[in-house]
Structures are given as structure tokens and as C-alpha cells.
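The values are calculated or read from the model by the stated rules, or taken from the named source; none is laboratory data. What you see is a predicted model; the values in this text were computed from it and never measured. Ideal geometry is used to build each Cβ from the backbone, glycine not excepted, and the neighbour counts take in all protein chains shown.
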Amino acid sequence: MRVAIDWVFHLGTWNLDVLSNLLDPAVLCFLLGLTAGLTRADLALPRALYETLSVYLLLAIGLKGGVELARAAPQTILLPLTGTLVLALAIPLVAFFILRKIGRFGKPDSAAIAAHYGSVSAVTFAIVLEYLRQSGRYFEDYTAVLLVVLEIPAIGVGILLARAGGSGKSIDWKHISRELFLGKSVFLLLGGLVIGAIARPEAMETISPLFFGLFKGGLALFLLEMGLLASRRLAEVKKVGLFLVAFGLIMPMISATMGIAVALLVGLSPGGTTVLATLAASASYIAAPAAMRIAVPEANPALYLTAALGITFPFNVTLGIPLYDWASRFAHQLGG
Amino acid sequence: MTTRKKLLTLIVEAAIERQIAEELGRAGVTGFTVVEARGAGHRGQRRGDWDQNRNLRIETICDEAVATELAERLLDRWGENYAVVLWLQDVEVLRSSKFGSSG
């Protein structure tokens, strides 16, 4: 009974959180881009701006994570890191199973989509951190490390799933590992982490107005572009079928639940739990598409791009993050 | 004054730019030119607005034997699963030694 009352009370707070999240200017910019694309408004941002902003955001996320990481005690990271690794391997397996057995997708498509859902979106990560910071909530200093750890392993799992027990075609590891480790997302996130962690703090101050002070503004502009890109993927939804749409909405909730379970097991704070749940729920649209196009050429890009960018990303940005935060707090209340 | 050579033009998705460049190198072409492209075809629209949506136009001039063998190898390796359109044209070049050894 007590649990039921708590649950109803919490459901109410989720509604409020959704509303306040939707009225965040960066989220509104995303909706503006989405509207512009759907109404075919005369709005197109140059690709150079998209590239510039993604480099800026990835580096800024890395730098900020590095500064925070320098404050964290190394021994506290080990357990969450291990849990996150397990998550990175488990999510693509679950996704693959659902796509293959229930969705009846072919092996290459299932594996490629599974890799996207196991990997993460750094921008979704940045949004959840802003979400928590705005309400002054605590989360662990080393969450950026968890982001980096989640990025690659799932893509490896996806490649192995696509190739397992099948075609004798050899895997082009040379080009794939280049895409993975030297792709811009991992390279900039890791590079930023290292710089942020080892740079002299007083010298970091000199670049903080650009990378930290203006970050939310850059994020808003990037989200405007993401809205445009998502709207174009939405136009493809008819072609990918209803199952994938449902998958794009339900899979993040399954992953978030797994994320919350792992977070509780490794002892993250409620804020940290929200971050890990959101990381688990997010789907990659920078590192994974680039790697899967090379590694699993027979998979149809329209499927994984539409699911990750057209369905899951908009869901996470608008409704998902408040939902995962609500679930995390609820789980902690039950546990504590 | 001029020499007849083959112009090989490729329209390919940007994902395989590096691999195509390596293939051209292995075939022994002496140079090539890459420009960004936009358009639409069998694999949908390529607006060129982000990484996964970019198209390239790659051109190289070489001897006929090199060009036809290269075209076949490119189609064989990439034609099935990637957006690839390619064609050959006769061209008259000056300074033929810039485009490969013979003739």
C-alpha cells in the first residue's frame, strides 16, 4: 500500500518534471528544429556548423568530465566502471534478441541496431547533466568516464553478433578499429578528459568561459540542428515499420531499467543513477553509424538511423530524461 | 599533341572514402580529385547535411586498361551494399605522362 501511494505521488512529480524539461530553452530549440523540418520551413544549417558544434560539444563534455574526474577518488570509480562495462555488453544482447525473435529482423540489421542502442549519445549525456545541475542535484564526479566506457564495447558486440556463425567474409578490423578509436567522438571525449584532468586548474579558468560558460548556448544551437535531422529521419518512419517505432520507444526504457539496477548494485547516488539510466537508454548516432556502415555493410542504414535519431533521441530529450530521473529517485526511495 | 585517356567518375557515399582512396592507390592511378556532392538515387536522398548523409564525387584519369579493371574491382567490392555510381568517359589530355605511363 505504502509503495502504491509513493508511486502515485511520484507519477505526479514526473508530470511536473516533464513540463519543466519541455520549457528548457535547449529542448525548445530541439522542438523548433523538429517543427521546421516537419513544416519544410526554409531552414538549413550548414554542415560546417554541425561539424564545428559537434567538435565543440564533445571536447567541452570531455574537458568538464576531466576537471570533475580530477576531484574523484580513484578507488571509488572501479566498481561503477565494472558495472557499466557489464551494461555495455548486456544491452546489445537484449536488443539483438528482441529484434531477432520478436521483430523478425535479419541478423545484420538486428546486430547493427543493437550496437546503436548499446552505445551512447554524448549529447543526451550532456542534456541529462544540465537537467540535474539546473535543479542543483548531486551526481558523481566521474560520470564522463562511464560515458566513454559505454561508447565502444557495444559496437564490438554488434559486429560479432552480425558475423557470428555466418558468412566467411573476414572482418575489416583495420578500418573498423580506426572508426572506433580514432573516430571523432571517442577521440575528443578521451582527449578532453585527459586535458581536463591534467591541466593546471588556474589555466583552465582561461578557457572556461568558452567551454563551460557558453556550453548550454552551443548545446541549444546544436539541438536546433538535431531537430532538423530528426525530422528528416521521421519522414522515413513509414518505411521502417511499426515494430521499429515501438522498439525505439520501449528499448530505451528497458535499457534504463537495466541501468538503474546496475547503478543500485554499484552504489551510485540518485543523481548518478539518473545519469547511468539515461546513458543506458540513449542510442548512438555518431560513433555507431560510422562503425556499423563499415563493419556490417549489408545492414540497412535507414533502419538504425531512423530508430536512433528519429525516434529514441527525441523521446529521450523530451520525455525520457524526466522519466528516468523519476524512476531513479523512486528506486532509491524503495531501496533506502 | 593530345592523348586519349579514360576519365573514371564515381559518386559514392562518404563512409568509404578512405577505402576507395586506398583502392585507387593500389590500382596505380597517379592522382584523383574529390568533391562533396548532393543528390538522390536508389538509396534515397543524400542531403550532405551530416556525416551519415554525405556523398562524394571522385574523379581520376588513367589508361583504359587501368580504368576498366579499377571500375570492375570497385563495383565488385562496394557495389552491392553501398551507394556507388560510376562511369567511364574518353578524354583528351595534354601532358599525358601525368596520368600514367603508356601512350
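Within segment A:281-336, being more than 17 Å from the chain's Cα centre (by Cα) and of a type in the set (Phe, Trp, Tyr) holds for A:Trp326, A:Phe330. A:Tyr50 meets all of the listed conditions (1) among the aromatic types (Phe, Trp, Tyr); (2) more than 25 Å from A:Pro322 (Cβ to Cβ); (3) touching a residue at least 12 places away in the same chain (Cβ under 8 Å); (4) more than 14 Å from every other protein chain (Cβ to nearest Cβ) but one, namely (4). For A:Ala299, the criteria (1) at pLDDT 95 or above; (2) within 14 Å of another protein chain (Cβ to nearest Cβ); (3) buried (at least 24 other Cβ atoms within 10 Å of the Cβ) hold in every case but one, which is (1). Residues in segment A:248-284 that are touching an Asp or Glu at 6+ places or on another chain (Cβ under 9 Å) and within 14 Å of chain B (Cβ to nearest Cβ): A:Ser284 alone.
Out of A:Gly267, A:Gly241, report the one residue that is without any contact (Cβ under 8 Å) to a residue 60 or more places away in the chain and at positive phi.
Residue meeting the stated conditions: A:Gly241.
State whether one or more residues within segment A:305-323 are assigned to a loop (DSSP other than H, G, I, E, B), within 14 Å of chain B (Cβ to nearest Cβ) and modelled with pLDDT under 95. Looking through segment A:305-323, none of the residues is assigned to a loop (DSSP other than H, G, I, E, B), within 14 Å of chain B (Cβ to nearest Cβ) and modelled with pLDDT under 95. Residues of segment A:162-183 include none that is under 30 Å from A:Gln134 (Cα atoms) and out of contact with any strand residue (DSSP E or B) (no Cβ under 6 Å at 6 or more places or on another chain).
Do we have any residue at all in segment A:166-183 that's polar (S, T, N, Q) and assigned to a loop (DSSP other than H, G, I, E, B)? Yes, segment A:166-183 contains a residue that is polar (S, T, N, Q) and assigned to a loop (DSSP other than H, G, I, E, B).
Candidates are the residues of segment A:305-336 that are farther than 19 Å from A:Arg233 by Cα and hydroxyl-bearing (Ser, Thr, Tyr); the one that is surrounded by the fewest Cβ atoms within 10 Å (Cβ to Cβ) is A:Ser328. Considering segment B:1-79, the qualifying strands (runs of 3 or more DSSP E), each wholly inside and each with 3 or more residues that are more than 13 Å from chain A (Cβ to nearest Cβ) and surrounded by 13 or more Cβ atoms within 10 Å (Cβ to Cβ), run over B:3-13, B:55-62.
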